[in-house]
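The values are calculated or read from the model by the stated rules, or taken from the named source; none is laboratory data. Because the structure is predicted, anything quoted here is derived from the model rather than measured. Backbone-built Cβ (ideal geometry, glycine too); neighbour counts: all protein chains shown. The protein model used for the area step is the full one, side chains on, heavy atoms only, and it has no ligands, DNA or RNA in it. Shrake-Rupley method; radii C 1.70, N 1.55, O 1.52, S 1.80 Å.
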Amino acid sequence: MRFFIDTADLDQIKEAHDLGVLDGVTTNPSLMAKAGITGAKNIEDHYKKIASIVEGDVSAEVIATDYAGIVAEGEYLADLAPNIVVKVPMIREGIKAISHFSGKGIKTNCTLVFSAGQAILAAKAGATYISPFVGRVDDINWDGIGLIEEIAELYAIQMYDTEILAASIRNARHIVQAAKAGADIATCPLHTILGLLKHPLTDIGLAKFLEDYNKGNA
Ligand code: G3P
């Protein structure tokens, strides 16, 4: 499974990149606002900065919700850098636009996916990635990881090329479960990626190794 970081914070993107485990970046308008980036020109400049830090795909989300607007905005965003992927919401006009982008060889990430039916439609339209929101499904007491499992199973049966990008990942356990469920990628906040490092027995074991080593040097 590949790792994307789900943030617009440049320091966090650099930190994950420096760890050597980063395969790409996802953003959305809320994450841009959280990083203090507002206004079309600033957002555009910010995408260019992100795309220059990582070699992998960087999702840039359209704001338009009508077909012509999504196409115009998506084509503009795709031209900002070679690794930009156009992020399109799972709406009727979005599906139509994904089909258009697919025909032109422009990569897409269909976002706000909450059901297997939506996942089928996005795959049929030729989306490069779909983003099912695991945490938000859990928030309404449904089964976010179960959704990933169901999509992975039906994509395998139907041999769709669309990749499953598990999003709204809230903790390290979600990452492990998403990997087991068949997600191709997990996009996670930095603290969640770093959460994979943590185990109390690792800390206790290392402290003991260092203590024993230092006995010989006392
Ligand atoms: O990738 C989608 C993500 O940014 C949403 O996460 O935690 O707001 O549901 P969350």
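Just a few scattered comments:
- In this structure, LEU112 does not qualify as over 27 Å from HIS46 (Cβ atoms), at pLDDT 95 or above and either surrounded by fewer than 21 Cβ atoms within 10 Å (Cβ to Cβ) or within 19 Å of the chain's Cα centre (by Cα) (or both).
- With respect to (1) more than 15 Å from the chain's Cα centre (by Cα); (2) at negative phi, the lone exception for ASN141 is condition (2).
- In the set ILE84, ILE145, ILE169, only one residue is among the β-branched types (Val, Ile, Thr), under 30 Å from LEU194 (Cβ atoms), surrounded by fewer than 24 Cβ atoms within 10 Å (Cβ to Cβ) and within 16 Å of the ligand (Cβ to nearest atom); that residue is ILE145.
- Criterion violated by TYR213 - all others in (1) within 16 Å of the ligand (Cβ to nearest atom); (2) out of contact with any helix residue (DSSP H, G or I) (no Cβ under 6 Å at 6 or more places or on another chain) satisfied: (1)
- For the stretch 67-124, a tally of residues being among the basic types (Lys, Arg) and in a helix (DSSP H, G or I) returns 3.
- Restricting ASP18, ASP57, ASP6 to residues that are charged (D, E, K, R) and open to solvent by 50 Å² or more (accessible area, probe 1.4 Å) narrows the list to ASP18.
- First in the stretch 30-56 and over 15 Å from ILE5 (Cβ atoms), second anywhere and open to solvent by 40 Å² or more (accessible area, probe 1.4 Å), Cβ under 8 Å, 6 or more apart: ILE37/ILE43
- Criterion (assigned to a helix (DSSP H, G or I), hydrophobic (A, V, I, L, M, F, W, C), at pLDDT 95 or above and under 14 Å from the mean Cα position of the chain (by Cα)) met by exactly one of ILE164, ILE148: ILE148
- Leading residue by the ranking (surrounded by the fewest Cβ atoms within 10 Å (Cβ to Cβ)) among those in the stretch 116-141 that are more than 16 Å from the ligand (Cβ to nearest atom) and more than 21 Å from ASP57 (Cα to Cα): GLY117
- Annotation note: of ASP45, ASP9, the sole residue that is away from the ligand (no atom under 13 Å from the Cβ) and not basic (Lys, Arg) is ASP45.
- From the list ILE63, ILE37, the lone residue that is assigned to a loop (DSSP other than H, G, I, E, B) and over 21 Å from PHE133 (Cβ atoms) is ILE37.
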